[in-house]
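A short write-up of the structure that comes next.
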Number of protein chains: 2
Amino acid sequence: MPTVLDLSLDAAALTAALVDLPSVSGDEQALADAVEQALRELPLLRVDRYGNNVVARTRLGLAERVVLAGHLDTVPIAENLPSRLEGERLYGCGTTDMKSGVAVQLKIAYEVGRADGASPDRDLTFVFYDCEEIEAARNGLGHLVREHPDWLAADFAVLLEPTDGRIEGGCKGTMRARITTRGVRAHSGRDWLGVNAIHAASAVLTRLAEYKAREVEVEGLVYRECLNAVGVSGGVAGNVIPDECVVTVNYRFAPDLTEEQAAEHIRAVFADFEVEITDSAPAAAPGLSLPSAAEFARVVGGAPEAKQGWTDVARFAGLGVPAVNYGPGDSRLAHTRGEFVEVARIAQAVERMRAWLGLDAGSR
Amino acid sequence: MPTVLDLSLDAAALTAALVDLPSVSGDEQALADAVEQALRELPLLRVDRYGNNVVARTRLGLAERVVLAGHLDTVPIAENLPSRLEGERLYGCGTTDMKSGVAVQLKIAYEVGRADGASPDRDLTFVFYDCEEIEAARNGLGHLVREHPDWLAADFAVLLEPTDGRIEGGCKGTMRARITTRGVRAHSGRDWLGVNAIHAASAVLTRLAEYKAREVEVEGLVYRECLNAVGVSGGVAGNVIPDECVVTVNYRFAPDLTEEQAAEHIRAVFADFEVEITDSAPAAAPGLSLPSAAEFARVVGGAPEAKQGWTDVARFAGLGVPAVNYGPGDSRLAHTRGEFVEVARIAQAVERMRAWLGLDAGSR
C-alpha cells in the first residue's frame, strides 16, 4: 500500500514526511506514487503522470499560467535519515535540496486544489520530476519537455531549488570541449626523434590561465563567465614521448550567447588547436522584465541575483517559458552530510507564494 | 626431458634453435635449463645457477676477466614464431633482441669450455639472465648483483644487446618525478571561489617546452640529455575546478651526474613546485679508456657511440665494472612484429669476439 501524504500538515512537518520517504535518484517511485495519490484527492486539479514524473494543473481559464516545479530525487543518503528536528532546523538528506521546496509546491496545490480552497489569480501547473541529480539524459523534466511539452505550457516558471529564499534569475549555459595536441612517439631517451604532445599543451593551459572572462549584464543581472580546464590527460608509458594530450575545458557562458556562439568563442580562443565540442546546454535569460516575474520579485523582496550555475530553468527557457530559481533551502548545504533547512524559511516561502498568487484574498 | 642445445651448430643455426625455444619474460625456465645443461657439458667452465639465471666462468688464472652478458627473455610473441630463414635474414621473436647475441655468447663458451678448445687471453664470464624486458624489480641481472656479486666480478663487460654491430658505450641514467600543482575545488560555474590546479600546471609545461637539454661529452662520447613530460593527469569531474594536477617527468641524464645530482637538477628546474622523485637508475660511463675496452673498440672497428637509452650496463657500472653494448641485432627492429637479424652479422660478431679474445691463435 502506498504511503499516504497528509497535505494538511504544516509545511515543515510535510517536509519531514517527504524526507522520510527516501528517493535517491533512480528510486523515486514510492515518492512519486505518494505525491500522485495525494494530488488526485484534490478535485480542482488535473493530474497526469509520465514515468515517475507527476504534473498537476488548475483549469480556471485565467489569463496567465505559472509553473511551480521541483525534483523528487536526492543525492545518496549519507547516514542522514530519518529527518531530525533540532531547534529551528530540520536535518536530513533532501531537507534543503529540495524536499522543502516540494513541500511548498504541495502546500499551494492543497490550497488551490480543494473544492473549498482559495482562488489564485493565475492558473497554476505543479511539476514534480525525477533524476535531477544524475546524468542529464535521465532528467525527468527533460523527458517531459520531449514527450509532453503541452503539460508544461506557461507564461513563467519558478523552480524551487535552494536559493536561500532569494530569487536567482536565469542561468549560464555550459559547454564542454576537448582540446587535443598531437606529437610523435619516440623513446624518452631519444626525444629528438619525437614531438612531445604534452609540452605542446603548455600553450593551451597558458591561454586558459591568462584568459579574461566576461561579466555580462542581462536584464539587470550580472553573469560572470568562466572558462576552465576541468581535465587533462596524456601519456603512453614512463619511457615514451607522448603523441597525444587532451585538455577538457568547460565554458560557462552568459545568456547573451546562443550555444552556437559559445562554440564559436571556444574555437576562436583555441584557433590553432584541434577542438571538439562534446556537450552543451543553453543559457537561460531571467525573464524578469515580464509582468508576472516582476511582481514575483516585488513580493519576494530583495534584489534578484544571477544564477551562476546551470539549472533546469534552462529547460523551461528552451520551451519559451522564462524561469527563475527560488526556494527555501540553502544552496551551500546541498549535497552535504549535515544538510538541513531552517524551518522558518519553509513557511516564509509558502507565505510569499500565497501573496504572489493572490491567495491571501480568501477562499472561494 | 629438457631440450638439448647443440652448441656445435653455426651461430645462425644456434640462434634459430634458441628462438624456437620461446622464452617470454617470466617463462624462461625451459631455455635456462637448456643453456645450463649445454654449459655443464663443457669441462673447463664452472657453472652456477640462481633462479633462471645461469653464470659460467673459465678459471684460467689470467690477469684480466671480461664478462659477456645477455638476457634470455623476449617481449611477447607476435605471431612471429617459429623462426623463418628468408635469404640472408632470420625472422622471429627474439632474433635481434637478443637471441643472436646469446648465440654469440654460447659459441665463444663452446670454444673456450671444451677440453680441446681454444685458449683465450683473458678469463671469461658468461652471464645469461631473465626478465630484462619487464619491470626492473624482476630483472635477473639485478638479482645476481644483489645475491651473487662475486659471480659478476670482472674488469670489463660486454652486453650483447642489439647495436647493429657497433659499440655503444655506457648509458644515460633515467629518473622519474611527479611535479604536482594544487588548487582549490569549486563548482566550474563559480570559478572565482576556487583555484585551478591544471591552469597552474601551465608553468610546469612551459618550463619543459622551453628547456634546453645538455649535450655532455664523456670519454669522447656525446650523451644528449632529455627532460620530458611522459604523463599528465588532472580533473575531478566535468563541472569541478580541479584541485590537483600531476605532471610526470622523465629525466635522461649523462654519465657525468650521479643520481643525487640528477635529482638536485630536477628540483632546481621545478624549484617553485612540489617535486617527488619516484624512481631512478644511474648512468654508466663507457669505460673506453681502459686497455681492454680500447682493444675491444679497435678490433670491432668503427667509432663507438654513446648509448642514449638506459641498459643493464649500468648494473655492471654499479659493481665498478665498465661496460659497453655490442651485439649483432638491429636495435630499430627490437620489439617489432617483423623482427629479424642479418645472418652475416651473427658470424661477424663471433669472429670479432674471437679476434679480441685471442682465439684466432689456435687451440690449446
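The values are calculated or read from the model by the stated rules, or taken from the named source; none is laboratory data. From a predicted model like this one, the values you see are computed outputs, not experimental measurements. Using ideal geometry, Cβ is built from the backbone for each residue, glycine included, and neighbour counts are taken over all protein chains shown.
Considering only residues that are within 15 Å of the chain's Cα centre (by Cα) and crowded, with 24+ Cβ neighbours inside 10 Å, which ones fall in the stretch B:323-339? The answer is B:Ala323, B:Val324, B:Asn325, B:Tyr326, B:Gly327, B:Pro328, B:Gly329. Scanning the stretch A:189-203 for residues that are more than 8 Å from chain B (Cβ to nearest Cβ) and buried (at least 19 other Cβ atoms within 10 Å of the Cβ) returns A:Gly194, A:Ala197. When B:Pro43, B:Pro76 are screened for being over 20 Å from B:Leu333 (Cβ atoms) and either of a type in the set (A, V, I, L, M) or surrounded by fewer than 23 Cβ atoms within 10 Å (Cβ to Cβ) (or both), only B:Pro43 passes. Please enumerate the residues belonging to the stretch B:225-245 that are more than 7 Å from every other protein chain (Cβ to nearest Cβ) and under 29 Å from B:Ala314 (Cα atoms). Passing the criteria: B:Glu225, B:Leu227.
Looking only at residues of the stretch A:146-188 that are within 14 Å of chain B (Cβ to nearest Cβ), at pLDDT below 90 and surrounded by fewer than 24 Cβ atoms within 10 Å (Cβ to Cβ), we find that the one that is nearest to A:Val299 (Cα to Cα) is A:Arg185. Checked against (1) at the interface with chain A (Cβ under 9 Å from one of its Cβ atoms); (2) crowded, with 17+ Cβ neighbours inside 10 Å; (3) touching an Asp or Glu at 6+ places or on another chain (Cβ under 9 Å), B:Val216 meets all criteria but (1). Of everything in the stretch B:279-317 that's acidic (Asp, Glu) and in a strand (DSSP E or B), which residue is nearest to the chain's Cα centre (by Cα)? Result: B:Glu305. From the list B:Leu31, B:Leu85, B:Leu106, B:Leu90, the lone residue that is farther than 26 Å from B:Ala355 by Cα, touching a Phe, Trp or Tyr at 6+ places or on another chain (Cβ under 9 Å), crowded, with 24+ Cβ neighbours inside 10 Å and in the same structural domain as B:Arg138 (by TED's automatic domain parsing) is B:Leu31.
All of A:Ala349, A:Ala344, A:Ala355 fail the test of being surrounded by fewer than 17 Cβ atoms within 10 Å (Cβ to Cβ), hydrophobic (A, V, I, L, M, F, W, C) and within 30 Å of A:Asp150 (Cβ to Cβ), apart from A:Ala355. Among the residues of the stretch A:318-346, the ones that are in a loop (DSSP other than H, G, I, E, B), under 29 Å from A:Arg65 (Cα atoms) and touching a residue at least 40 places away in the same chain (Cβ under 8 Å) come to 8 in all.
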